[in-house]
Amino acid sequence: TKSISKCYVQVTGMTCASCVANIERNLRREDGIHSILVALMAGKAEVRYNPAVIHPSAIAELIRELGFGATVMENCGEGDGILELVVRGMTCASCVHKIESTLMKTNGVLYCSVALATNKAHIKYDPEIIGPRDVIQVIQDLGFATSLVKKDRSASHLDHKQEIRQWKRSFVVSLIFCIPVMGLMIYMMVMDSQLADAHTRHNMSSEEMEALHSSMVLEYQLLPGLSVMNFLSFLLCVPVQMFGGWHFYIQAYKALKHKTANMDVLIVLATTIAFAYSFVILLVAMAEKAKVNPVTFFDTPPMLFVFISLGRWLEHVAKGKTSEALARLISLQATEATIVTLGPDNVLLSEEQVDVELVQRGDVVKVIPGGKFPVDGRVIEGHSMVDESLITGEAMPVTKKPGHTVIAGSINQNGSLLISATHVGADTTLSQIVKLVEEAQTSKAPIQQFADKLSGYFVPSIVAVSVVTLFAWIIIGFVDFEIVEKYFLVTEVIIRFAFQASITVLCIACPCSLGLA
């Protein structure tokens, strides 16, 4: 075995199991090739060869001649098995050393690290030589209780229920307070337009207009400088700012802590400035006992939070849907396998139930009628019909007899089968599909990476534009007051107009198409 090496070849262009059989059949005939194992979903071939006779590049060339794309994979650690174990009974560093040194001497173990504090062992091994059950046996022989780290098979990390609940609550809270604010705003706009009409029709003086304006219910002053409208808007805005905007504040704080600026920072900035400015203006008006009610922006935060939290809620609902499909895929995997020991003439000597993670390559697994295939393998004994619809979508059962391949997760129907495991653990077709779907969900499309990169510059630039707007209008106001007067019917303070313009820049940029997309 010293003269036998192993290489991995990335194979493209395979479409079905017959492609796999074609490659395996043709390469086995070649001189110097000891064995070949092809995984369809991973698009990978594991070849054991004699380096004195043939080289990996020649193996890739042989596959290319069959009409497939083939490249030799540089990082050969791809096919190493990784095992996470819980080891009980260790008391000191010498126990750790004992386990590590014994395992490293064991043929097939490539790397081993044991942590005393967490009782965990991390082991890399060559699945051709040794398997997880052998490793566990070695540790148990040293007198330590050993078990597998339990994998989370429920796919709970893909669950978006909590986020969906959180954003729904945020949206509902914002909506409850936003509707009255919108109502007040529309009422004020209607009344203002009627007043403007009356002004043009009856040629009223500005004093008469002022008197008529303050006689409106919402403009009535509860305290000097504090109108009903502003007081109600303030009361409706506070709960939204605190409860509706809670998650935005947390996200924005985290972003700023890591010295990045995202959409949350922009939203928090706009709503907080609008709220704080309006609050300060009210206090100033009350302190000055102002006759004219100040213009406030209490309507900005509730309306902004409503739209953004609705968007976030819908986004998590959509994510939850795709994750649900993945959770269903994961649930198709068998959790246990029946491993049998065969004597001469395939006589059953013994059988035992083990965790599916403990099945090793080359194990003989028994699958009873109605049972799920725990691993990918080749039938060595028995005849049966198998439902492979989870992979192929084909409703009709497929006949299986010795020499045929079977797929993990498919269901055995009417006969008992003995199969030899070829792909186990993360290498099974089903595990590869789950991995591909997970990768597709976590990886970003190039356009999305571009958008993320842009939004990194977008937020600071919007803040800069907003500040420039503020100072520009202050300068314009002091240089040429006529312009501000022209755009503003009632002569307002320059700063207030400038501030309104800069807040507008911030607020309009918040639900921008880039951020929402």
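Whether any residue in segment 84-102 is under 20 Å from CYS7 (Cα atoms) and not aliphatic (A, V, I, L, M) is what I want to check. No, every residue in segment 84-102 fails to be under 20 Å from CYS7 (Cα atoms) and not aliphatic (A, V, I, L, M).
Of the helices (runs of 4 or more DSSP H) lying entirely inside segment 1-111, the ones with 3 or more residues being free of Cβ contacts under 8 Å to residues at least 40 places away in the same chain and among the small types (Gly, Ala, Ser) are found at 93-105. When ARG28 is tested against the conditions (1) under 30 Å from ILE391 (Cα atoms); (2) within 38 Å of the chain's Cα centre (by Cα); (3) open to solvent by 70 Å² or more (accessible area, probe 1.4 Å), the lone failure is (2). Taken together, the residues in segment 163-218 that are in contact with a Gly (Cβ under 7 Å, 6 or more places away or on another chain) and either at pLDDT below 85 or of a type in the set (Ser, Thr, Tyr) (or both) amount to 2. Among residues that are crowded, with 18+ Cβ neighbours inside 10 Å, polar (S, T, N, Q) and at pLDDT 85 or above, GLN360 is included. For segment 41-52, check the following and say yes or no: at least one residue is on the phi > 0 side of the Ramachandran plot, open to solvent by less than 20 Å² (accessible area, probe 1.4 Å) and modelled with pLDDT under 85. Among the residues of segment 41-52, at least one is on the phi > 0 side of the Ramachandran plot, open to solvent by less than 20 Å² (accessible area, probe 1.4 Å) and modelled with pLDDT under 85, which makes the answer yes.
Out of the residues in segment 134-157 that are in a strand (DSSP E or B) and modelled with pLDDT of 90 or more, state the one that is nearest to the chain's Cα centre (by Cα). Walk me through it before giving the result.
Of the residues in segment 134-157, the ones in a strand (DSSP E or B) are 145-148.
Next, from what is left, pick out any that are modelled with pLDDT of 90 or more: 145-146.
Numbers: ALA145: 36, THR146: 33 Å.
Checking each candidate, the answer is THR146.
Checking each residue in segment 291-318 for being open to solvent by less than 20 Å² (accessible area, probe 1.4 Å) and of a type outside the set (Phe, Trp, Tyr) picks out PRO294, PRO301, PRO302, LEU304, VAL306, ILE308, SER309.
So, of the residues in segment 342-355 that are acidic (Asp, Glu), touching a residue at least 12 places away in the same chain (Cβ under 8 Å) and more than 16 Å from SER416 (Cβ to Cβ), which turns out to be least open to solvent (accessible area, probe 1.4 Å)?
First, pick out the residues of segment 342-355 that are acidic (Asp, Glu): 345, 351-352, 355.
Now restrict to residues that are touching a residue at least 12 places away in the same chain (Cβ under 8 Å): 351-352, 355.
Among the residues that remain, those that are also more than 16 Å from SER416 (Cβ to Cβ) are: 352, 355.
Numbers: GLU352: 97, ASP355: 32 Å².
Among those residues, the one meeting the criterion is ASP355.
Report whether or not VAL463 is of a type outside the set (D, E, K, R), modelled with pLDDT under 75 and either buried (at least 19 other Cβ atoms within 10 Å of the Cβ) or in a loop (DSSP other than H, G, I, E, B) (or both).
Numbers: of a type outside the set (D, E, K, R): yes; modelled with pLDDT under 75: no; either buried (at least 19 other Cβ atoms within 10 Å of the Cβ) or in a loop (DSSP other than H, G, I, E, B) (or both): yes.
It is false that VAL463 is of a type outside the set (D, E, K, R), modelled with pLDDT under 75 and either buried (at least 19 other Cβ atoms within 10 Å of the Cβ) or in a loop (DSSP other than H, G, I, E, B) (or both).
Just a yes or no: is a residue in segment 399-421 free of Cβ contacts under 8 Å to residues at least 24 places away in the same chain, under 36 Å from the mean Cα position of the chain (by Cα) and assigned to a strand (DSSP E or B)?
Residues of segment 399-421 free of Cβ contacts under 8 Å to residues at least 24 places away in the same chain: 399-402.
Add one more test, that the residue is under 36 Å from the mean Cα position of the chain (by Cα), and what stays is none.
No.
In segment 312-333, which residues are farther than 20 Å from LEU436 by Cβ, of a type in the set (A, V, I, L, M, F, W, C) and touching a residue at least 60 places away in the same chain (Cβ under 8 Å)? Those that are farther than 20 Å from LEU436 by Cβ, of a type in the set (A, V, I, L, M, F, W, C) and touching a residue at least 60 places away in the same chain (Cβ under 8 Å): TRP313, VAL317.
When residues in segment 319-341 are screened for being open to solvent by less than 50 Å² (accessible area, probe 1.4 Å) and in a strand (DSSP E or B), 4 of them pass. Restricting segment 123-133 to residues that are open to solvent by 60 Å² or more (accessible area, probe 1.4 Å) and either in a loop (DSSP other than H, G, I, E, B) or of a type outside the set (Lys, Arg) (or both), the residue that is nearest to GLY425 (Cα to Cα) is GLU128.
Among the residues of segment 474-505 satisfying the criterion of being assigned to a helix (DSSP H, G or I) and either of a type in the set (Ser, Thr, Tyr) or not assigned by the TED database to the domain that holds VAL280 (or both), which is modelled with the highest pLDDT?
We begin by selecting, within segment 474-505, every residue assigned to a helix (DSSP H, G or I); these are 474-479, 481-487, 494-505.
Among the residues that remain, those that are also either of a type in the set (Ser, Thr, Tyr) or not assigned by the TED database to the domain that holds VAL280 (or both) are: 487, 502, 504.
Working: TYR487: 60, SER502: 82, THR504: 75.
In this case the residue turns out to be SER502.
Evaluate the following for PHE279: is it touching a Pro at 6+ places or on another chain (Cβ under 9 Å) and open to solvent by 70 Å² or more (accessible area, probe 1.4 Å)? Judged against the criteria, PHE279 is not a match. Of all the listed residues (ALA252, ALA285, ALA276), the sole one being in contact (Cβ under 8 Å) with a residue 12 or more places away in the chain and under 24 Å from MET188 (Cα atoms) is ALA285. Quick one: is GLU394 part of a loop (DSSP other than H, G, I, E, B) and not hydroxyl-bearing (Ser, Thr, Tyr)? Yes.
The values are calculated or read from the model by the stated rules, or taken from the named source; none is laboratory data. The model shown is predicted, which means the values in this text are computed figures rather than measured ones. So basically every Cβ, Gly included, is an ideal-geometry build from the backbone, and we count neighbours across all protein chains shown. When the accessible area is computed, the model is the full protein with side chains, heavy atoms only, and any ligands, DNA or RNA have been set aside. Shrake-Rupley method; radii C 1.70, N 1.55, O 1.52, S 1.80 Å.
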